[in-house]
1. Taking the criterion of being under 19 Å from SER98 (Cβ atoms) and surrounded by fewer than 14 Cβ atoms within 10 Å (Cβ to Cβ), would at least one residue in region 162-183 satisfy it?
2. Just one of the numbered conditions (1) of a type in the set (A, V, I, L, M); (2) in contact with a Leu (Cβ under 8 Å, 6 or more places away or on another chain); (3) at pLDDT below 80 is not true of LEU112; which one?
3. Select, from LEU127, LEU64, LEU139, the only residue that is at pLDDT 80 or above, over 22 Å from GLU227 (Cα atoms), under 16 Å from the mean Cα position of the chain (by Cα) and in a helix (DSSP H, G or I).
4. I'd like the full set of residues that are free of Cβ contacts under 8 Å to residues at least 24 places away in the same chain and not in a helix (DSSP H, G or I), limited to region 176-193.
5. Search region 173-209 for residues being at pLDDT below 90 and polar (S, T, N, Q), and hand back the single one that is nearest to ARG94 (Cα to Cα).
Amino acid sequence: MEELAGKQSKILEEIQRIACKMQEKLAEARNAEEIYMRSGQCFDFQYEQFMELTRECSICAEQLTERLRHMILDGDWPAEEKQRYRGQLIQSHRITVSYKDEIVKVMLPILLPHRKGTYSDYIYKPLYLALKDWCQLRLEQGESLPFYEKATICFQHMYDECLPKSRIRDHDNMEEKQVVDALGMFFLQSDGGLFLNTYHVTLISNQDRTVLFLMPQEWFPSWLQKENRGTDISKKSAVVSAENSTG
């Protein structure tokens, strides 16, 4: 018991250290924002400084979340408390999963992180839990789970139209591996190049978010043609760029 208490004490000390760092970065970001607003002119380099400080603050917040989440889910907590926390975690991230016409659709209310980011694990656990709960509920209702021997995933990266377009990143800089890993746990035979294709499209929208569409490979060409005719995408936002990759 003393050993467990000592371990938790060290974790809490680390959490407090990160919290202090986050508070410092947040104060710097506020100062940068005030300078940016008072200048009377919108210079990209000023906004980039504000974005960098905000990003660093956000990374600290994610690290805080990860350590607290780890302490609860992997710690010596009662099973019912862990289950309650899982449900709250999914709700707090507002991840939605749906299935229609052989297509799994997942909505994430965030943009995917940079693939070379120092911390990108925060997206995997909530997504994994959301998919797990959705699958369990579907089985409880007597319905089968989607399964794809060969599939295509379409990533829709949707950027807030009110924010600078300089935020838009190249598709090959997106962290897609953790998303593919999470989907693969439940729906894919394999995420190897012979079994899975990926397609990326960048859109301008009313808020930042990422929408995923998982479907049989042979369905993708006709689905994309239908989307490009305006059944879904073009009614909501303008296409900025698209890229197709395999594997």
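1. no
2. (2)
3. Among LEU127, LEU64, LEU139, only LEU127 is at pLDDT 80 or above, over 22 Å from GLU227 (Cα atoms), under 16 Å from the mean Cα position of the chain (by Cα) and in a helix (DSSP H, G or I).
4. Here is the first cut: in region 176-193, the residues free of Cβ contacts under 8 Å to residues at least 24 places away in the same chain are 184, 190-191.
Answer for region 176-193, where residues must be free of Cβ contacts under 8 Å to residues at least 24 places away in the same chain and not in a helix (DSSP H, G or I): SER190, ASP191.
5. Going through the qualifying residues, I end up with GLN207.
The values are calculated or read from the model by the stated rules, or taken from the named source; none is laboratory data. This one's a predicted model, so the numbers in the text were calculated from it and none came from an experiment. No Cβ is skipped: glycine too gets one built from the backbone with ideal geometry, and neighbour counts run over all protein chains shown.
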